[in-house]
């Protein structure tokens with residue numbers, strides 16, 4: 001499908017649900033969808049701060065502990081496309097509610113877990129629930145809210161929840177861990193039950209799609225994504241040359257190649273090729289992959305810096321990210337308001353430039369930097385930049401998609417963020433580790449020479465070694481931030497060059513018309 005035909009399709013009455021069919025309680029409907037999305041996104045970080053306590057209680061080894069995060073990532077990233085297609089075929093509200101129920105039950109299981117195996121199984125099951133709920137949540141916005149300002153505002157809130165969820169997760173993780181790490185799981189149970197109770201009352205069910213489930217596509221696509229995500233996460237803890245890393249990455253690429261071949265020949269594909277052939281949509285997917293890579297990495301490295309270099313407690317570290325949550329929510333609302341007056345490329349491209357500048361600012365941090373004077377300003381700039389990126393990218397990723405494909409288009413967008421996060425963390429962690437080792441060796445050699453010359457007490461040598469560790473860590477993070485800044489700058493250039501749609505214009509019928517630039 002060409003960019004012209006896809007975007008013209010978005011303006012036809014047949015492709016947009018009539019405003020009269022929308023639920024009357026749109027505010028409550030948006031609350032239900034946003035609560036589910038927030039629950040799914042924040043779970044990627046809420047457990048992070050609790051990991052040391054969890055390790056002590058359940059006896060995790062350092063190597064196995066990383067799987068508390070990776071089990072969720074693998075299941076979530078690997079099953080997103082399948083979750084989106086199930087919503088298209090069997091009803092998005094039904095699949096959305098099923099995903100939320102699975103997520104809530106898995107959270108309860110994680111909270112009461114007494115062994116490593118049960119906890120890791122619960123985390124994988126949470127990923128399954130998230131893969132069902134997340135793409136159908138975004139698709140429900142496109143079918144629940146009439147096109148134009150109402151949908152733009154809803155997308156703004158949804159994008160804010162997606163962007164702020166990681167920061168909110170760090171805050172909640174710090175607060176809940178003060179009581180018990182188990183509450184980082186239990187908190188999802190009442191939220192999930194409330195969402196499931198309200199969903200059938202405020203969300204309209206979509207029509208069941210035609211065709212059957214593409215089993216070969218589901219198997220190759222799911223295994224390909226899972227293998228790719230596994231290889232990327234494994235690279236972060238070992239190396240890019242590790243045999244397991246190389247083998248799983250190659251397997252992932254091969255399986256995804258087979259998946260695309262299967263999809264091009266399938267009568268009812270899991271991922272219709274026409275979704276990827278639209279230039280604007282493809283641009284949105286690529287930009288979200290890069291932006292997701294940068295944001296996940298930012299939280300990881302800043303979390304280490306704030307706790308280990310600045311010496312903040314877990315709770316205080318969580319609150320250090322609070323300005324990010326506020327900033328991205330405000331920026332997302334600004335972006336949604338601008339969408340009816342400014343072309344998406346200028347909003348999103350400007351946001352990417354701001355985010356790149358913020359990442360460059362983080363690269364200038366030193367051991368003696370302060371939170372208020374050196375870190376906070378760039379957290380605010382990063383938040384505002386991300387908020388400006390998320391809303392236009394979310395809207396353009398689903399613009400012009402036929403009703404029967406909106407779930408899978410939403411799933412591709414979420415998959416780009418998830419795989420991007422894994423890719424970014426793996427890549428920048430490698431940069432970080434290499435730079436840290438080089439800097440530590442350089443400073444350590446200088447210290448040895450000074451100690452050999454005499455004049456340093458054992459206590460002074462110990463203090464100097466501790467300082468060298470912090471300096472090397474900060475230097476390594478700085479190198480990683482520079483690479484991240486370059487990545488986002490490339491995303492900004494791609495946005496300005498290829499996001500060739502004009503801003504939404506409201507017609508007399510209240511439909512959204514999107515035109516080529």
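Things to note:
- Residue in region 204-215 that is surrounded by 15 or more Cβ atoms within 10 Å (Cβ to Cβ), closer than 20 Å to residue 125 by Cβ and at pLDDT 80 or above present: no
- Taken over region 187-205, the criterion of being within 22 Å of the chain's Cα centre (by Cα) and either assigned to a helix (DSSP H, G or I) or free of Cβ contacts under 8 Å to residues at least 12 places away in the same chain (or both) is satisfied by 188, 189, 191, 192, 195.
- Some residue of region 177-184 being over 24 Å from the mean Cα position of the chain (by Cα), assigned to a helix (DSSP H, G or I) and surrounded by 16 or more Cβ atoms within 10 Å (Cβ to Cβ): no
- Restricting region 445-501 to residues that are part of a loop (DSSP other than H, G, I, E, B) and touching a residue at least 40 places away in the same chain (Cβ under 8 Å), the residue that is farthest from the chain's Cα centre (by Cα): 500
- Being crowded, with 21+ Cβ neighbours inside 10 Å, over 22 Å from the mean Cα position of the chain (by Cα) and in the same structural domain as residue 46 (by TED's automatic domain parsing) holds for only one residue in 298, 339, and it is 339.
- Scanning region 49-101 for residues that are buried (at least 18 other Cβ atoms within 10 Å of the Cβ) and on the phi > 0 side of the Ramachandran plot yields a single hit, 91.
- Every residue from region 375-401 that is assigned to a loop (DSSP other than H, G, I, E, B) and more than 30 Å from residue 227 (Cβ to Cβ): 399, 400
- Note on region 361-374: among residues that are free of Cβ contacts under 8 Å to residues at least 60 places away in the same chain and assigned to a helix (DSSP H, G or I), the one that is nearest to the chain's Cα centre (by Cα) is 361.
- Residue count for region 42-58, restricted to those that are in a helix (DSSP H, G or I) and within 26 Å of the chain's Cα centre (by Cα): 9
- Scanning region 242-276 for residues that are surrounded by fewer than 20 Cβ atoms within 10 Å (Cβ to Cβ) and not in a helix (DSSP H, G or I) turns up 242, 266, 267, 268.
The values are calculated or read from the model by the stated rules, or taken from the named source; none is laboratory data. Quick caveat, the model's predicted, so the values are computed rather than measured. Reconstructed Cβ throughout: ideal geometry from the backbone, glycine too, with neighbour counts over all protein chains shown.
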